[in-house]
Structures are given as structure tokens and as C-alpha cells.
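A short worksheet on the structure shown next.
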Amino acid sequence: MSVQIELQPDWARINFAEGNISNGIKFADFHYFWLRHNCPCLNGCRHPTTKERLIDAAIIPLEIRPLRAVVTTTAEDSDVPAVAFFWNPISTKDDTGKLVASNEKEHVSLFPLQWLRDNSYSFDRSNTHELPPHDASLVTIDYKNYAPVPGASDEISILYKAALFDRLSKYGVAVIRNRGKNTEEIIYDFIDPSADVISTHFGRIEHLRTGNTENDNNDQLGYTNAAVRLHTDQCYSDNVPGFQFLHCIRPADVGGGNYFVHAESAANYLKTEINSRAYELLTTVPVTFDRKQSKFQAQLTSPILRLSDQVDQQTNERKLEQVRYSYFTQAAQNNVPFSQLREWYEAQQVWDKLLYREDFQIQAELQEGDVVIYDNYKVLHARNGFSGPRHMAGVYLASSDLWKHLGEAKERAQELTTQ
């Protein structure tokens, strides 16, 4: 039987066999909650006599996923192809509407292939988006493999910077192991000596540690040992720095691990795979970001997801240009009518649940001398709470300076490989 099933993280793809069932359709996609709601079984989902639906859509967890799925045949006719989905049991409603735990060990939904074909709501869908990158090995570089030796040419450093260019271009983040102890020296891994870092109201280099005395305006979460959840920096600024790197001076005794999400990919996944209405609200509803400290305050109002002003000629859509997301500087939301405020909060919650899925995140435990650099427009960053004297040096860079420097190294590296 040439029918195939692909179990994606949030939906199943049925690849139809050629013939009467497919009728020219190659495949169809089905949400898992839709499949579970439309289970045709007579064991609680349909009445055994009338075949009417008994299962209530309200009890189906929207995050439900099958345990497995197999291509088989219907129970009545071994010549009729079908697909069986196997689920963990879910609670059902009793006569009073209260949820009651199921006694099942496993629930089976057996769908005739023809029924799936006839009731499909997504034929040959091309506008899909993959999960954000979440494999740390894809973004990791060991500086020891590139470090120059005395008397050598600069070819090694050029190859190192070309590798940085590749990681940042594709993934928006790079983890550099064993880079060293000199933060000032590391700055020029990313920009020309003629350029400089972006100073903020915290200073030129932030020393993110408890008991901070080096920086101004140190009354903020970064200088405590508390967890700092996913966010982008400087959301309240008109000119948000394009990149930031964190240099590990000393790791925490316990905890303090960093994690990252490619927010541009996450937003596209939200739009095409999860909830287009949530995406629309996050790209249109303005949010005020307010950095209010004892000696500093700045405000800016913008949607969480900022789209380009012009429509892309190839896609006929406006591209996502910047993510501004910072729960700790988000002011009271007063830009939404009363009747729409719940809808906007629900959109934020759908978005946030996606960001905290393990298959969306890149985890990175930084050790002494390690560096992580990320695109502050496209990548969210966070850290876990910790104990012990953890110390990170944080530096902001202009995108134009970084791409100029690394781009030139990339061109030079390509020349070296062709010589």
C-alpha cells in the first residue's frame, strides 16, 4: 500500500496513493485535535445505534498529539484502506458536564482513507513553515579550531569569522566555545577596529552579575540572580541595537543556563501552522514598552511583531522585520478596546506557549571564556535563575558594523578556498 503518514509536531500529513481515492490530490494535512474530535469509533465518540457524535469539541486538548499512526484497512473490509491513530485517553463529560477521567489505556481512531480525502480542509498545502532551529550543535563553533598561531597569517581568523557569518546569517545566533578572557579583544571578532560598540544608559559594557558596581542604572533584573525569561533587549528604544554578545567571565555555581529562540521562525510557524489570527494581532496591536528605573525612563509603542512597510513582490506579503518582546518592560495595555482585550491576551499566550516548547529552543550552558552572539531583531534570549557569583559581560553592536566586518571575511574566505 503506497499510502504514507507523516507525523509532524502539530499535524499529520496523509500522502494518498494514486487512484480513485487521491483523485489527483497528492496529500492533505490534518490537525491532531481535528482528528481526535472526528473519531468515528462507537466507544464513546459516536452513539452505537444512531452514529451521532457524542464527543464534545470543548474537551479536546488543542496540544494533543497521537502516540503513533499506521496505515491499515477498515474492520469491515480488508480491501478498504484506512489510517489508525492511537491516543492517550482524555477526560470525558458526565451528565452534569463535569470532566471525568477515562478508564481507557489507549484510544484508537480508525479513519477510512476515502473519508479523510472527502473531508480534507487542506489539499497540497505549500505555505508551511518548519520548526525554528533547536539543535545547539548547528550554531556552535570551537575557537580552538581557528585560533591563530604565532607567525601565522590571518587565514585562520578569516575562516573563523566566515564561520560566524554563516551561523548568524542562517540561525541568528552563534555559540563560541573557548574564546578567551579578554572582552575588549573579542569585540573585534565582530566589527572593524575603526568601529565601536553601542553604549546604552547602562554603559559601554554591561557586567551582568549580582552586586554590580561597574554600571549605571543597575536596578534591573540582569543584575540579580533571578530567571530572565525570553525577550529582546532595548524594546523601549527608537534605535534598538542589532546584535548583542554575552561573554562568560564566570559561570554560576548552579543554574544560569542560557536559551534562545529564533523568533522570526517562531512567528512564521505561528502564522502558517498554529493561529493566523494571533499572528495578525501581534503584528497590528500596539504595545507600550516602558523602561522605568530610578534614574532613567524611556518609552516606545510598537506591535510585538513589526512588519515591513512595503509588500514583498515575490510573496505578496509584508516581511517580519523586528521582534520586540519584553515582559518586564511591557506597560499596562490600554491600546485595545474592552471587547477585544481578551482576544489580544489569548494571542500573546498562544505565542508564548510556542516559545517555551523544547522543540523551539536552543539551549547553551556557557563556561568561562565562552561567548554567545545573537541578532536582537530576530532572536529571543533568556537565562535560568542561578546561585553563585555568575558574571557575564554584555556588549551591543550595530548590525551594519557586524555584517560589513564578517561579510568581508566571508568574501576573503571564499577567495582562499578557490586559490
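The values are calculated or read from the model by the stated rules, or taken from the named source; none is laboratory data. Values in this document were obtained by computation on a predicted structure and should not be read as measured data. Cβ placement follows ideal geometry from the backbone for every residue including glycine, while neighbour counts extend to all protein chains displayed.
For this structure, a couple of remarks:
- Tallying residues that are assigned to a loop (DSSP other than H, G, I, E, B) and of a type outside the set (Asp, Glu) within segment 46-64 yields 11.
- Residue count for segment 9-33, restricted to those that are at pLDDT 95 or above and surrounded by fewer than 15 Cβ atoms within 10 Å (Cβ to Cβ): 1.
- Condition met for ASN275 (assigned by TED's automatic domain parsing to the domain that holds SER137, out of contact with any strand residue (DSSP E or B) (no Cβ under 8 Å at 6 or more places or on another chain) and at positive phi): no
- Long-range neighbours under 6 Å by Cβ, at least six apart or interchain, first residue in a strand (DSSP E or B) within segment 288-311, second at pLDDT below 95 and acidic (Asp, Glu): GLN293/ASP219
- The residues listed here are VAL323, VAL379, VAL336; of these, the one that is touching a Phe, Trp or Tyr at 6+ places or on another chain (Cβ under 8 Å) and closer than 16 Å to ARG167 by Cα is VAL379.
- Filter result for ASN145 (buried (at least 18 other Cβ atoms within 10 Å of the Cβ) and either among the polar types (S, T, N, Q) or not assigned by TED's automatic domain parsing to the domain that holds PHE386 (or both)): no
- For segment 146-169, a residue qualifies if it is within 22 Å of PHE260 (Cβ to Cβ), in contact with a helix residue (DSSP H, G or I) (Cβ under 8 Å, 6 or more places away or on another chain) and of a type outside the set (Phe, Trp, Tyr), and the qualifying residues are LYS161, ALA162, LEU164, ASP166, ARG167, LEU168.
- Residues of segment 90-112 that are of a type in the set (A, V, I, L, M), in a strand (DSSP E or B) and either touching an Asp or Glu at 6+ places or on another chain (Cβ under 6 Å) or under 11 Å from ILE55 (Cβ atoms) (or both): VAL100 alone.
- Exactly one residue among LEU62, LEU67, LEU42, LEU99 is under 30 Å from VAL379 (Cα atoms), exposed (fewer than 14 other Cβ atoms within 10 Å of the Cβ) and outside the structural domain of ALA163 (by TED's automatic domain parsing), and that residue is LEU62.
- Applying a threshold of 7 Å to beta carbon distances and a minimum spacing of six or more residues, or different chains, the list of pairs starting in segment 382-407 at a residue that is hydroxyl-bearing (Ser, Thr, Tyr) and ending at one that is surrounded by fewer than 17 Cβ atoms within 10 Å (Cβ to Cβ) and modelled with pLDDT of 95 or more reads SER387/ASP253; SER387/VAL254; SER387/GLY255.
- Qualifying residue in segment 122-134 (condition: closer than 23 Å to PRO40 by Cβ, polar (S, T, N, Q) and modelled with pLDDT of 85 or more): yes
- Residue, surrounded by the fewest Cβ atoms within 10 Å (Cβ to Cβ), within segment 115-133, restricted to residues that are touching a strand residue (DSSP E or B) at 6+ places or on another chain (Cβ under 8 Å) and not in a loop (DSSP other than H, G, I, E, B): PHE123
- Qualifying helices (runs of 4 or more DSSP H) (wholly inside segment 170-287; at least 1 residues being more than 19 Å from TYR374 (Cα to Cα) and not β-branched (Val, Ile, Thr)): 263-269, 276-284
- Residues of segment 244-269 that are touching an Asp or Glu at 6+ places or on another chain (Cβ under 6 Å) and over 22 Å from GLU184 (Cβ atoms): GLY257 alone.
- Scanning segment 209-241 for residues that are among the small types (Gly, Ala, Ser) and in contact with a strand residue (DSSP E or B) (Cβ under 7 Å, 6 or more places away or on another chain) yields GLY222, ALA227, SER237.
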